[in-house]
Amino acid sequence: MAESEFDRGHIAGGIKHCNGCGVTKPFADFSRDNRHSPELVSGYQARCKACYAAWIKVHRRASPEASRRAARKWTLRNRYGVSVHEYDEMVMAQCGTCAICGEFDSGRDGESKRLAIHHDHETGRVVALLCTSCNWGMGQLGDDPASLRRAAELMEEARAGA
Ligand SMILES: [Zn+2]
Ligand SMILES: [Zn+2]
């Protein structure tokens, strides 16, 4: 949907017209949207938070499975910049196991879990798919290559000396 000059003027003024309720509201009433869609030139969602929440409620009740899938797709895309297909390809490339320990992620209750995407906060790039423990451990060392290397050296030295 092309945006009118009217809408552009409002966006410049920090307010935006909601496609749902039709009310013009301040930006604070809209959620951020990082997708680069022509409909979202403002960087905010087309519908206000209230309309979006109402829509999600109805949608969830109608199809919990579909909405879970949609939420997952959204998280992959917005947090990690990958599609569901790209994620599945990464899992295949790692044979479904953690890139560090080589184990399947059994999760806390022994139920098999999806591998976590470890991403570099500095570059925003995906590093690898890891199990819950390795993902957490690497993060605890600040994703710092020097610290991770030093940790490995200390373990090697300790075992060599034993
Ligand atoms: Zn609205
Ligand atoms: Zn692991």
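The values are calculated or read from the model by the stated rules, or taken from the named source; none is laboratory data. Given the structure is predicted, the values throughout are model-derived calculations rather than measurements. Heads up, the Cβs are rebuilt from the backbone with ideal geometry, glycines too, and the neighbour counts pull from every protein chain shown.
For the range 76-97, what are the residues that are part of a loop (DSSP other than H, G, I, E, B) and over 19 Å from the mean Cα position of the chain (by Cα)? Before the answer, list the steps.
To start, the set of residues in the range 76-97 that are part of a loop (DSSP other than H, G, I, E, B) comprises 81-83, 94-97.
Result: Gln94, Cys95, Gly96, Thr97.
Inspect the range 63-86 for any residue being at pLDDT 85 or above and within 16 Å of ligand 2 (Cβ to nearest atom) and give the result as yes or no.
Within the range 63-86, not a single residue is at pLDDT 85 or above and within 16 Å of ligand 2 (Cβ to nearest atom).
If a residue must be modelled with pLDDT of 90 or more and more than 9 Å from ligand 1 (Cβ to nearest atom), how many such residues does the range 16-27 contain?
2
Being more than 16 Å from ligand 1 (Cβ to nearest atom) and modelled with pLDDT of 95 or more narrows it down to one residue among Leu154, Leu141, Leu115; which is it?
On the way: Leu141 fails: modelled with pLDDT of 95 or more; Leu115 fails: modelled with pLDDT of 95 or more.
Going through Leu154, Leu141, Leu115 in turn, the sole match is Leu154.
So which residues in the range 28-53 are at pLDDT below 80 and either assigned to a loop (DSSP other than H, G, I, E, B) or exposed (fewer than 12 other Cβ atoms within 10 Å of the Cβ) (or both)?
At the first step, the residues of the range 28-53 found to be at pLDDT below 80 are 33-43.
If the condition is that a residue be at pLDDT below 80 and either assigned to a loop (DSSP other than H, G, I, E, B) or exposed (fewer than 12 other Cβ atoms within 10 Å of the Cβ) (or both), then Asp33, Asn34, Arg35, His36, Ser37, Pro38, Val41, Ser42, Gly43 are the ones that fit.
Among all residue pairs at least 6 apart or on different chains, which show Cβ distances below 6 Å where the first residue, located in the range 145-156, is without any contact (Cβ under 8 Å) to a residue 12 or more places away in the chain and under 19 Å from Asn135 (Cα atoms) and the second is surrounded by 10 or more Cβ atoms within 10 Å (Cβ to Cβ) and of a type outside the set (Asp, Glu)?
Ser147/Leu141; Leu148/Leu141
Yes/no per residue for (1) surrounded by 10 or more Cβ atoms within 10 Å (Cβ to Cβ); (2) within 16 Å of ligand 1 (Cβ to nearest atom); (3) not in a loop (DSSP other than H, G, I, E, B):
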residue: Trp55; (1), (2), (3): yes, yes, yes
residue: Ala71; (1), (2), (3): yes, no, yes
residue: Trp74; (1), (2), (3): yes, no, yes
residue: Glu103; (1), (2), (3): yes, no, no
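When you look at Thr123, is it of a type in the set (Ser, Thr, Tyr), outside any loop (DSSP other than H, G, I, E, B) and under 19 Å from the mean Cα position of the chain (by Cα), yes or no?
no
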